Amino acid sequence: MLQDILYKTSIRSVTGNTAIAIKDLQIDSRKVSQGSCFIAIKGNVSDGHQFIDKAIENGAIAIICEILPSTIQDNITYIQVENSAIAAGFLSHNFYEEPSLKLKLVGVTGTNGKTTVATLLWKLFTALGYKCGLMSTVQNQIGNEIISATHTTPDAISVNALLKQMVDAGCEYVFMECSSHAIHQHRIAGLQFAGALFSNITHDHLDYHKTFDEYIRVKKSWFDSLPSSAFAISNADDKRGAVMLQNTVAKKYFYSLKTMADFKGKILDNTLEGLHMMVNDIEVYFRLIGEFNAYNLLAVYGAAICLGEDKNEVLQMLSSLNGAEGRFDYTVSKNDKVIGIVDYAHTPDALLNVLATIKKLRQGNEHIITVVGCGGDRDKTKRPIMAEVACEYSDRVVFTSDNPRSEDPLQILKDMEAGVNVVSRKKYISIADRREAIKTAVSLSTKEDIVLVAGKGHEKYQDIKGVKYDFDDKKVLKEVFELLEKLN
């Protein structure tokens, strides 16, 4: 019944009967059918209020909106609310029988590391014998069943529908990426989190949030909303790590490689074979590579301890796990032993982390050759910075396309080139065709060099003028390795 799902929706007025049965909830008028409740949300591209008549025409019997339409139709129930997006979260949670209260939901936010942390938590708790759900950029999972992911965090209705499926399947834990867009758009409103993790915050999504302060404020607002029953874990080594938790009523914990913390780590050795670390005075070997993964592992370890698991068992299980697809994912060519690394690094800081890690892993005089691009219709201010970072930390660089979307790839390349200083100009070439760029990078390599293909990671497409063409960096890299070795 409509009246049963309106709890916590901040109602301003009610017109019509609320004692009516609702078949489903919709935020897209095209998906409305007889018996639907349509929620009119003001989006970045369109305003749902403009489609109220269309939704009623398609069979909607209830309308949730911020502004009532000028014409009120008989036999339709109108609920005016303060904020439709927030209302959508609570309505969805109520409609799907409050799924987040029936399992332990743990969210992960931050610029870099969300996918790896969420995926490692899912793998760890699955290995510990629990049935778990995962909501990530790469994929959603209910136990071992994989459901493809389209956004880092889906809309509120989809999130709750998926959580209900996870409850029905017997999941005890769900690990979920919480992007700044999702927090700001209230896509996770109404959910009850058992725990929340913060990885780091750097230059990203300024095309959406406009300022870095606003980006920080949005991330922090999620921690501010946590209940006192939850735990909140933050990175003490990040400049904003303490700020994130300063106003939360959740139980606070910190992890660190550099200072005293609840979950303290120290890197003893870092090679292509993995990490050798001390974690709270216990010596452990991990398969994951690089300092950034040391932080990810500490966050996961901290969450597991906060969820009541045994520290020795947790570290033993973590030592056997691999990370997420497309995150420092490497392959080695057969003859010349050229190391090819595919990574999702698409922010200046993530790229810097990956290149700094590669630099530390070098045994001798191997060259680092980087293939990198910047997405179209996204934050333009990071393009010259990405190029600058790539040139500073690489011996050769190939600038290329990375989901140009509606923009001209050549203009994106020009924006990147503007960040290259005079000294580094001889280091780079620009090739718009990504396959040719990867082929050129590999052809520039010699025995045991390192080729980094950055930006797309797990993605299996190139988004050009609204069309998603098949493209897999790892697959292309392997094909190029094989092709060039046959030619030699």
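What list of ³J(HN,Hα) values in whole Hz, one per residue of the stretch 223-230 in order, does the Karplus curve 6.51 cos²θ - 1.76 cosθ + 1.60 (θ = phi - 60°) give from phi, with Gly and Pro shown as x?
5, 4, 8, 5, x, 5, 6, 8
Could you state how much accessible area residue 72 has, in square angstrom rounded to the nearest 10, with a 1.4 Å probe and all protein chains kept in place?
It works out to around 70 Å².
May I ask you to derive the relative contact order of the stretch 435-478, considering only C-alpha pairs under 8 Å and at least 6 residues apart, and to give it as an integer percent? Before the final figure, lay out the partial values.
On the way: 30 pairs, mean separation 14.9, N = 44.
Once normalised by length, the contact order is 34 percent.
From largest accessible area down, sort 414, 426, 54, 474; use a 1.4 Å probe on the protein chains. Let's see the in-between values first.
Values: 414 130, 426 185, 54 90, 474 60 Å².
Accessible-area ranking of 414, 426, 54, 474, largest first: 426, 414, 54, 474.
For the stretch 410-488, evaluate the Debye formula with one uniform point scatterer on each Cα (no solvent term) and list log10 I(q)/I(0) at q = 0.20, 0.21, 0.24 Å⁻¹, rounded to two decimals.
Each listed q maps to, in turn, -1.06, -1.13, -1.28.
What do you get for the angle between helix 84-95 and the principal long axis of the chain? Use alpha-carbon atoms, 0 to 90 degrees, nearest ten.
80 degrees
Can you check what the Kirkwood hydrodynamic radius comes to for the stretch 43-138, Cα pairs only, in Å to one decimal?
On the way: mean 1/r = 0.0591 Å⁻¹.
Result for the stretch 43-138 stands at 16.9 Å.
Given the -39500 (n - 2.57) contribution per DSSP H run of 4+ residues, what per-residue ellipticity at 222 nm results for the chain, rounded to the nearest 500 deg cm²/dmol?
Values: 16 runs with 161 residues, N = 488.
The helix-only estimate for the chain comes to -9500 deg cm²/dmol at 222 nm.
Can you pull the percent of the chain's accessible area that's carbon plus sulfur, 1.4 Å probe, other chains left in place? Intermediate values should be presented prior to the final figure.
Numbers: 10200 of 21010 Å².
After summing per-atom areas, the C and S share lands at 49 percent.
For the pairs 264/337; 123/439; 8/42; 23/123; 8/252, flag any whose C-alpha to C-alpha distance is greater than 29 Å. Don't jump to the answer; show the numbers that get you there.
Working: 264/337 36 Å; 123/439 34 Å; 8/42 20 Å; 23/123 36 Å; 8/252 27 Å.
From 264/337; 123/439; 8/42; 23/123; 8/252, over 29 Å: 264/337; 123/439; 23/123.
Please go through the residue pairs 220/465; 219/460; 414/474; 266/359 and name each one whose alpha carbons sit more than 30 Å apart in this structure. Display every interim value, and only then the final one.
Numbers: 220/465 35 Å; 219/460 28 Å; 414/474 26 Å; 266/359 19 Å.
Beyond 30 Å between Cα atoms: 220/465.
Which one of 43, 356, 438 is farthest out on the positive end of the charge dipole of the chain, using unit charges on Cβ (Lys, Arg +1; Asp, Glu -1) and the Cα centre as origin?
Positive-most Cα among the choices belongs to 356.
If I fit a long axis through the Cα atoms of helix 473-487 and take the longest principal axis of the Cα atoms of the chain, what angle between them do I get, 0 to 90°, rounded to 10?
30 degrees
Expressed as a rounded percentage, what relative contact order does the chain have, with Cα pairs under 8 Å and six or more residues apart?
Details: 1069 pairs, mean separation 48.9, N = 488.
Worked out over the chain, it gives 10 percent.
How tilted is helix 114-127 with respect to the longest principal axis of the chain? Cα atoms for both, answer in degrees (0 to 90, nearest 10).
In the chain, helix 114-127 runs at an angle near 80 degrees to the longest axis.
Where only protein heavy atoms count, and the probe is 1.4 Å, what is the accessible area per residue for the stretch 191-334 in Å²?
Details: 6170 Å² over 144 residues.
Ligands and nucleic acids excluded, the figure is 43 Å² per residue.
Please go through the stretch 247-286 and write out the trypsin sites (Lys or Arg not before Pro) that DSSP classes as loop and that have at most 16 other C-beta atoms within 10 Å.
Hits after loop and neighbour filter: 258.
Which three numbers, in whole Å and largest first, are the semi-axes of the equivalent ellipsoid of the chain derived from its Cα gyration tensor as √(5λ)? Walk me through the intermediate numbers first.
Details: eigenvalues 348, 157, 75 Å².
Equivalent ellipsoid semi-axes, largest first: 42, 28, 19 Å.
Aspartates and glutamates near residue 251 by alpha-carbon distance under 15 Å, same-chain residues fewer than 8 away left out - which ones?
224, 262
Using only Cα atoms, locate the centre of the stretch 224-262 and the centre of the stretch 170-186, then give the distance between them in Å, rounded to an integer.
18 Å
So if each residue of separation counts as 0.36 nm, and I subtract the Cα-Cα distance between residue 213 and residue 57, what length gain in nm does that give?
Values: separation 156, 0.36 × 156 = 56.16 nm, distance 4.30 nm.
Additional length available on full extension: 51.9 nm.
With θ set to phi - 60°, apply the Karplus curve 6.51 cos²θ - 1.76 cosθ + 1.60 along the stretch 368-374 and write out the HN-Hα couplings as whole Hz, x wherever there is a Gly or Pro.
Couplings: 9, 10, 10, 10, 8, x, 10 Hz.
Rounded to whole Hz and in sequence order, give me ³J(HN,Hα) for the stretch 467-472 from the Karplus expression 6.51 cos²θ - 1.76 cosθ + 1.60, θ = phi - 60°, writing x for Gly and Pro.
10, 9, 8, 4, 6, 10
The values are calculated or read from the model by the stated rules, or taken from the named source; none is laboratory data. None of these values were measured; they are calculated from a predicted model. Neighbour counts are summed over all protein chains in view; Cβ atoms, including those assigned to glycine, are modelled from backbone coordinates with ideal geometry. Heavy atoms of the whole protein, side chains included, go into the accessibility calculation; ligands, DNA and RNA do not. Shrake-Rupley method; radii C 1.70, N 1.55, O 1.52, S 1.80 Å.
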